[in-house]
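Asker: Pasting in a structure now, in structure tokens, and then I'll have a few things to ask.
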Amino acid sequence: MIAEAFKPEHVREILKDIAPSSAHQMADEAYCQMLKASGPSATLRNNAGQIIACAGLLDIEDGSFLWSFISSAASRHKVGLVRAARRLVEIARRPTVATVEVGFPTGCEFLERLGFRYRQELPRFGPAGESYHVYARAD
């Protein structure tokens with residue numbers, strides 16, 4: 001895998017291959033620009049140049065929020081994604097939280113591999129009323 005600087009257009013490339021979801025509703029240009037400016041971030045490409053994930057850290061009051069957009073092609077790169085995400089989370093060196101839309105068990109599994117633990121469900125948290133799981137990792 002190849003890491004490069006995150007750009008908002010990378011999110012649009014990932015989302016074009018994913019079924020419509022809350023990610024499509026919130027990932028407008030302003031939101032993606034805010035993510036880019038919020039803290040460390042990166043885009044990962046496979047060896048063929050296809051974007052497989054974008055992720056970063058958003059500073060929040062008592063820690064960091066891990067955000068990510070993961071492509072449908074990412075399942076073939078689980079080990080590399082976990083390694084890259086661990087490095088990103090280690091950058092924070094402070095408590096980190098993340099959310100996963102209910103009904104996306106792959107996202108929950110991914111966070112658990114990174115050392116996150118389930119904390120609670122947030123009913124109707126998403127832009128269209130979707131519920132989310134909250135995960136946290138203390139460092």
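Asker: Name the trypsin sites (Lys or Arg not before Pro) in region 57-139 that are in a loop by DSSP and that have at most 14 other C-beta atoms within 10 Å, would you?
Answerer: Arg93, Arg124
Asker: Does the chain classify as rounded, prolate or oblate by the C-alpha gyration tensor (a ≥ b ≥ c root eigenvalues; a/c under 1.5 gives rounded; else a/b over b/c gives prolate, otherwise oblate)?
Answerer: Note, shape of the chain comes out rounded.
Asker: Then there's this: Please find the FRET efficiency linking Arg93 to Gln50, where r is the Cβ-Cβ separation and R0 is fixed at 41 Å, and quote it to the nearest 0.05.
Answerer: About 0.85, to the nearest 0.05.
Asker: Something else about it: Once you have the Cα-Cα distance between Val82 and Glu4, take 0.36 nm times their residue separation minus that, and quote the gain in nm to one decimal.
Answerer: 26.4 nm
Asker: Counting only C-alpha contacts under 8 Å and six or more residues apart, can you give the relative contact order of region 1-118 as a whole percent?
Answerer: For region 1-118, the relative contact order is 22 percent.
Asker: Another one. Nearest 5 percent is fine: what portion of the DSSP beta bridges confined to the chain is antiparallel?
Answerer: For the chain, the DSSP antiparallel bridge percentage is about 95.
Asker: For Ala30 paired with Asp59, estimate the spin-label separation in nm (one decimal), with each label point 7 Å from Cα along the Cα-to-Cβ line.
Answerer: Modelled inter-label distance: 2.3 nm.
Asker: Among Gly39, Gly49, Gly126, whose mean-square fluctuation peaks in a Gaussian network model of the chain (Cα, cutoff 10 Å)?
Answerer: Evaluated over the chain, the most mobile residue of the options is Gly49.
Asker: So with the 1.4 Å probe, I'd like the accessible area per residue for region 1-113, rounded to whole Å².
Answerer: 54
Asker: Could you pull out the GluC sites (Glu not before Pro) across region 1-94 that fall in loop regions by DSSP (anything but H, G, I, E, B) with no more than 16 other Cβ atoms inside 10 Å?
Answerer: Of the GluC sites (Glu not before Pro), the ones in loops of region 1-94 whose Cβ has at most 16 other Cβ atoms within 10 Å are Glu61.
The values are calculated or read from the model by the stated rules, or taken from the named source; none is laboratory data. Values in this document were obtained by computation on a predicted structure and should not be read as measured data. Cβ: placed from backbone, ideal geometry, glycine included. Neighbour counts: every protein chain shown. We work out accessible area using only protein heavy atoms, side chains counted, and drop any ligands, DNA or RNA first. Shrake-Rupley method; radii C 1.70, N 1.55, O 1.52, S 1.80 Å.
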